[in-house]
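To keep things clear, I will list the structure first and then write my remarks on it.
The values are calculated or read from the model by the stated rules, or taken from the named source; none is laboratory data. Worth saying up front: this structure is predicted, and the values here are computed from it rather than measured. Here the Cβ positions follow ideal geometry from the backbone for every residue, glycine too, while neighbour counts run over all protein chains shown. When the accessible area is computed, the model is the full protein with side chains, heavy atoms only, and any ligands, DNA or RNA have been set aside. Shrake-Rupley method; radii C 1.70, N 1.55, O 1.52, S 1.80 Å.
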Amino acid sequence: AMLEIGAFQPLLFISTVGVEILRTDMTDEYHRTSIMAMVSLVKKRPLALSRHLAVVVEAVIKSLDPSKPLLRKGCLQASTKALHELVKRFPVVAFHQRTQRFAVGTPDKVIIIYDLRTATKWRLLEGHSGSIAALAFDPDGSYLASYSIEELCVKTWQAGSSGFLGGILGLNAKCTGTIKLPKVETEVNPRDKVLKCRIRWMSPKQVRLRREDGNVISFDL
């Protein structure tokens, strides 16, 4: 019954479950069960969540707040599984393990990068004028590539640095490059547009993109 509600009212489902995850008067098992309810909806109804991924990510990452060590410890395994499922199923979500940075594209055409060690927003990447279809970190986590179907382009971004450069960048970071792409000539099912695209760094200077029509292209940055 909860999954059916989630399929037809995904935002209501996410907001309600997100509140339950953080309840201090409930047990760790209750928190884990709330997170796994989100995982079940991700697995069974991914399209229902495709426009609300930023809200899902925010709800899960709040459970990893280091200022609430008991909540973090109790939720860590379930939250990790939830984030893993999002990365596996949605191309507009990306994770870099070594730096523990997690990125998600939003309906507002902004990319949010979280630092999972602190459960806070690390960078806001603004510059797309169309919806974002796919994201990927480069091998060392310094840069992020994003693909927009509406804009017909791939953009690269400074994903974040520590030390002096990180202080200069602050929360916002600018696009470091844009590659224009030709229009896809064939009609593509809107369902495929949401889940079919993929972008991947093949090396620090080369990106491979699978577009919504299934064609794969590689290009040097």
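Summary of computed values
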quantity: Dipole of the chain, positive direction: furthest Cα of GLY74, ILE14, ALA59, with charges on the beta-carbon; calculated: GLY74
quantity: Solvent-accessible area per residue for the chain (1.4 angstrom probe, square angstrom); calculated: 52
quantity: Two-site label geometry, GLN100 and GLU126: point separation in nm, points 7 Å out along Cα→Cβ; calculated: 2.8
quantity: Magnitude of the charge dipole, segment 1-76, Cβ model with Lys/Arg +1 and Asp/Glu -1, debye to 20; calculated: 220
quantity: Label-point gap, in nm, between THR33 and LEU76 - each point 7 angstrom along Cα→Cβ; calculated: 2.4
quantity: Dipole moment magnitude, nearest 20 debye, the chain about Cα centre, only Lys, Arg, Asp, Glu C-beta charged; calculated: 400
quantity: Segment ILE179-ALA1, extension gain: residue separation times 0.36 nm, minus the distance between their alpha carbons; calculated: 59.5 nm
quantity: Relative contact order (%) - the chain, alpha-carbon pairs under 8 angstrom, separation at least six; calculated: 13
quantity: GNM result for the chain, Cα springs below 10 Å: residue of SER50, SER34, SER15 fluctuating most strongly; calculated: SER15
quantity: Solvent exposure ordering (accessible area, 1.4 Å, most first) of VAL87, VAL42; calculated: VAL87, VAL42
quantity: Carbon plus sulfur fraction of accessible area for the chain, probe 1.4 Å, in percent; calculated: 55
quantity: Rounded D (µm²/s) - the chain, Kirkwood Rh over Cα pairs, Stokes-Einstein at 4 °C, 1.567 mPa s; calculated: 72
quantity: Links that overshoot a 25 Å alpha carbon limit, given the list LYS88/LYS121; LYS73/LYS121; LYS109/LYS180; LYS155/LYS193; LYS88/LYS174; LYS44/LYS174; calculated: LYS88/LYS174; LYS44/LYS174
quantity: Efficiency of FRET from Cβ geometry, THR186 and ASP108, R₀ 22 Å, rounded to 0.05; calculated: 0.15
